[in-house]
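S.K.: Next up is a structure, given as structure tokens.
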Amino acid sequence: MMIVLGADTHKRSHTIAAVAAGTGEVSGEKTVPVGSRGFADLLVWARGLGGERVWALEDCRHVAGSFERFLIARGERVLRVPTKLMADARRGGRERGKSDRIDAIAVARAALREGLGALPVAQLDGPELDLRLLVDHRERLVGQRVGLNNTLQWHLHDLWPELRLPGGALFSVKWSTRIARRLARAEQTMRVRIARDELRRLRELTQTIKALEGEIAQLVARIAPQLLAEPGFGPLTAAKLVGEIAGAARFASDAKLARAAGLAPIPVSSGKTNRHRLDRGGNRQINAAVHRIAVTRARCHPETRDYIARRRAEGKTTREAIRCLKRHLARRIWHLLQPPTPSEISLNLLT
């Protein structure tokens, strides 16, 4: 008998509910403190239930990452359940309200409803994690820089209303140097002092972001150079895909990757109407990266423009043609990120 162990993970405690795959009946539950001792108690308890088992963890890797790695290192099969599925599972459950137990059961039943074979299997972290951490760190710094730039722009407008700066001017050495000199010559009021400090911090953030972009480009060129050879794939977009997909081998087919990324078409046919629409679920980070690639290729890649024209000739709208293109790109990305076969490895060694 297959048992699905749904986990509701928190910073200080994890709650596990065991649900029978055949009947959906809850056969047990357990709450333990976070840590190696608590994880070991959970594993002993789960193995004592008998039968085959699979762990279903809500995809919140900041709180579930250590538990996930603990299970995988001990040969357990772990599935990542998208957080979006939890809302439907809670609404459809007979037990009302919210608690750790209810949430753990919802995770297990969401995994069963979606299909155990359809969910991505968690793996031990590799170079993809390093790339994802770098990309996320850069994006946080970019957000801080945007906020700092907005504040500094208002200070400069208050000081010199006639000043006109091009967009993103303060990110360049030329304009930041000019503004720094002008602030240094001005009367050192509190606003000027704050503006000088913000400009200094803005320069430091810009230098750090540029250094991170160089490091990301080098890492993605080592991990997935085949992506960079494709039209429309810049280093940052390729890095985002590699980091968020976290190993294409986790997905048994390109269709499963497309479903996990919200790129698979959803039928919305009725009567004589036969059409599909975009999926608004899935990993929105992968979805957004693929959308950027699709828009770039539709603008400057001749083969992609011909593809869009063919879809338009079939009667599809531009939005529907882009949807078809994104599904095609998901297939292409899945194939490009597959680990090399033994024959390919031996060929690389010979050449």
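S.K.: Kindly indicate the residue of the range 119-145 that is open to solvent by less than 40 Å² (accessible area, probe 1.4 Å) and either of a type in the set (Phe, Trp, Tyr) or at pLDDT below 85 (or both) and also farthest from Trp55 (Cα to Cα) among those meeting that condition.
M.R.: Taking the candidates together, the pick is Gly126.
S.K.: Something else: Which one is farthest from the chain's Cα centre (by Cα) among residues in the range 273-331 that are part of a loop (DSSP other than H, G, I, E, B) and either closer than 18 Å to Asp254 by Cβ or in contact (Cβ under 8 Å) with a residue 60 or more places away in the chain (or both)? Before you say what the answer is, go through the steps one by one.
M.R.: Quick first cut of the range 273-331, residues part of a loop (DSSP other than H, G, I, E, B) only: 274-275, 278-283, 301, 314-317.
Of the ones still in play, those that are also either closer than 18 Å to Asp254 by Cβ or in contact (Cβ under 8 Å) with a residue 60 or more places away in the chain (or both) are 278-279, 281-283, 301.
Working: Leu278: 18, Asp279: 16, Gly281: 12, Gly282: 9, Asn283: 6, His301: 26 Å.
Ranking the qualifying residues of the range 273-331, first place goes to His301.
S.K.: Sticking with this structure for a sec: Tell me which of these Asn149 doesn't satisfy, since it passes every other one: (1) under 30 Å from Leu57 (Cβ atoms); (2) surrounded by 12 or more Cβ atoms within 10 Å (Cβ to Cβ); (3) touching a helix residue (DSSP H, G or I) at 6+ places or on another chain (Cβ under 6 Å).
M.R.: (1)
S.K.: Here is a further query. Looking only at residues in the range 31-61 that are touching a Leu at 6+ places or on another chain (Cβ under 8 Å) and in a strand (DSSP E or B), which one is farthest from Leu71 (Cα to Cα)?
M.R.: Val32
S.K.: Suppose we filter Pro166, Pro161 for residues that are without any contact (Cβ under 8 Å) to a residue 12 or more places away in the chain, touching a helix residue (DSSP H, G or I) at 6+ places or on another chain (Cβ under 8 Å) and over 30 Å from Gly282 (Cα atoms); which single one remains?
M.R.: Details: Pro161 fails: touching a helix residue (DSSP H, G or I) at 6+ places or on another chain (Cβ under 8 Å).
Checking each option against the conditions leaves just Pro166.
S.K.: Let me ask something else. Given Val78, Val44, which one is open to solvent by less than 10 Å² (accessible area, probe 1.4 Å) and either over 15 Å from Ala104 (Cβ atoms) or under 25 Å from the mean Cα position of the chain (by Cα) (or both)? Steps first, please.
M.R.: Values: Val44 fails: open to solvent by less than 10 Å² (accessible area, probe 1.4 Å).
Within the list Val78, Val44, the selection yields Val78.
S.K.: Which fully enclosed helices (runs of 4 or more DSSP H) of the range 164-228 have 2 or more residues being among the acidic types (Asp, Glu), at pLDDT 95 or above and closer than 15 Å to Arg145 by Cβ? Give the steps one after another, and end with the answer.
M.R.: Details: elements: 173-185, 190-223, 225-228.
Where helices (runs of 4 or more DSSP H) fall fully within the range 164-228 and carry at least 2 residues being among the acidic types (Asp, Glu), at pLDDT 95 or above and closer than 15 Å to Arg145 by Cβ, they are 190-223.
The values are calculated or read from the model by the stated rules, or taken from the named source; none is laboratory data. These numbers come from a predicted model, not from an experiment. Note: ideal-geometry Cβ built from the backbone for every residue, glycine included; neighbour counts use all protein chains shown. These accessible areas exclude ligands, DNA and RNA; they are computed on the full protein's heavy atoms, side chains included. Shrake-Rupley method; radii C 1.70, N 1.55, O 1.52, S 1.80 Å.
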